[in-house]
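A.B. asks: I'd like to ask you about the structure that follows.
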Amino acid sequence: MKSTPASPDTLSYEQAGVNYDLIDPLKVAAQRAAKATGAHLAVHGFSEVEASRGESAYVVDVGPFYLASIVECLGSKALVADEMKALTGKSYYAGIAQDTIAMAINDLITVGATPLVVQAYWAAGGSDWFSDAQRAQALVEGWKAACDTCQVAWGGGETPALAGIVAEGRIDLAASCTGLINPKERLSVGDKLAPGDAIVLLASSGIHANGLSLARKLVERLPKGYLTEVQPGLSYGEALLAPTVLYSPVTEALYKAGIQPHYCANITGHGWRKLLRHPAKHTYRIHSVPEVTPVLKFIQQHAQQDDQEAYSTLNMGAGFAIFVKAEDAQRTVDVAQAAGVKAMVAGAVEAGPKRLLIEPLNIEFGDDSLQLR
């Protein structure tokens, strides 16, 4: 990955408390240990899809179809909702619920799965958290609304009060999701990804639920904190709390339209480096970039990040990537937009070496910039 010397005033993700160089080795070690457990499925007459190891969701072959599963946590976005409630008196937990479900479902659909069941994990710092009826009801209503959008059943969940583990007055939110890949031809783990494929990017609604540690740290630099205006009539806090886009309606519509993605990437942690997720040696050449949402422009400006740093941390206007045959590219855009999500043909896959070139911004990420396997 190419880099330029940072200004002393630059605020990086690592300075905000998130260092992927420390986190990723544990993830790699866990993947290696987990791989040895896949053989246990044979006892039940099933087997794992080995290519799903290291992907955003794990896939099991149960015979006539595949099952996919994922668990994801929200992260620290709920802290912004809590601060904004104190400042404005409004509850933002309906959107926070959607964010949490999106973290799981947007990962699950990368392997071609239709989401079936969502389970909730709401761990509070004490029983008192649940006594705020407005906040609790907003969480319930938002959770159900997101399930309705994705046509997924809410199976149940866990609501522990974890004083001493979760901070008092706070809540740790997570969701697990199980999905079905049927017919089996819908499986998308990159085995069809090849030079000549087009890269279609689906628009984000803002920061989504990644990069919030950086966004919260940035508040210390702002004259009015979360109430600082990003643009007239829109505060920084409100802009951060725009709910994450749920992309499963797009992937379901693509299936109905007869379009088979060759690969998908949910652009979350690691920013656009997620386009390098598949282990194959390909070059990903971006010729067009989406419009950056106002809150992400604001973060980049006030954190004094260059494009290299910003695109390696934030989604910068693109929340999901779909790799399809070149002849399906424009139709993929049309299907996405008919489902209510802006999209664009942003680039193409070429023969290696493994790297991402964002040509309009003169950015290059190399093979060493994302190690998740």
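A.B. asks: Take the Cα gyration tensor of the range 238-373, multiply each eigenvalue by 5, square-root it, and list the three semi-axes largest first, rounded to whole angstrom.
C.D. replies: Each semi-axis is √(5λ); the values are 23, 20, 13 Å.
A.B. asks: For the range 213-264, state the average projected area of the convex hull of the C-alpha atoms over all orientations, rounded to one decimal in nm².
C.D. replies: Computed as one quarter of the Cα hull surface, the answer is 5.7 nm².
A.B. asks: What would the Debye formula give as log10 I(q)/I(0) at q = 0.16, 0.20, 0.21 Å⁻¹ for the alpha-carbon point model of the range 196-310, no solvent?
C.D. replies: Each listed q corresponds, in turn, to -0.87, -1.18, -1.25.
A.B. asks: Could you tally the net charge around TYR226, taking each other residue with its Cβ under 14 Å from the Cβ of TYR226, Lys/Arg +1 and Asp/Glu -1?
C.D. replies: +2
A.B. asks: Another one. Ratio of alpha-carbon Rg to the 2.2 N^0.38 Å globular estimate for the range 230-289, to two decimals, please.
C.D. replies: 1.55
A.B. asks: What's the long-distance tail for the range 81-230, i.e. % of Cα pairs beyond 23 Å?
C.D. replies: 49
A.B. asks: So how exposed is PHE65, as accessible area in Å² (1.4 Å probe, rounded to 10)?
C.D. replies: 60
A.B. asks: Still on this structure: With only alpha-carbon atoms counted, please give the Rg and Dmax of the range 37-146, in Å.
C.D. replies: Using the Cα atoms of the range 37-146, the pair Rg, Dmax is 17.8, 56 Å.
A.B. asks: With viscosity set to 0.692 mPa s and temperature to 37 °C, compute the Stokes-Einstein D of the range 308-373, Rh being the Kirkwood radius across alpha carbon pairs; µm²/s, no decimals. Could the numbers behind the result be given before it?
C.D. replies: Working: Rh = 13.8 Å.
Calculated translational D: 237 µm²/s.
A.B. asks: If amide H atoms are built 1.01 Å from N in the plane of the peptide, which residues on other chains or at least 5 residues away come under 5 Å of the amide H of ARG355?
C.D. replies: HIS282, THR283, TYR284
A.B. asks: Sorted from largest down, what three extents in whole angstroms do the Cα atoms of the range 99-175 have along their principal axes?
C.D. replies: Principal-axis extents of the range 99-175 (Cα, largest first): 39, 24, 18 Å.
A.B. asks: Also, quick follow-up: Rounding to the nearest 20 debye, state how big the charge dipole of the chain is about its Cα centre with +1 on each Lys and Arg Cβ and -1 on each Asp and Glu Cβ.
C.D. replies: Result for the chain is approximately 320 debye, rounded to the nearest 20.
A.B. asks: For the chain, taking Cα atoms only, what is the radius of gyration to one decimal and the Dmax to the nearest whole Å?
C.D. replies: For the chain, the Cα radius of gyration and maximum Cα-Cα distance read 20.2, 61 Å.
A.B. asks: At what distance in angstrom do the alpha carbon centres of the range 38-107 and the range 163-215 lie from each other?
C.D. replies: Distance between centres, Cα-based: 7 Å.
The values are calculated or read from the model by the stated rules, or taken from the named source; none is laboratory data. Please read these numbers as outputs of a predicted model, since none were measured by experiment. Here Cβ is always computed from backbone atoms with ideal geometry, including for glycine, and neighbour counts include all displayed protein chains. These area figures cover heavy atoms from the full protein model, side chains too; ligands, DNA and RNA do not enter into them. Shrake-Rupley method; radii C 1.70, N 1.55, O 1.52, S 1.80 Å.
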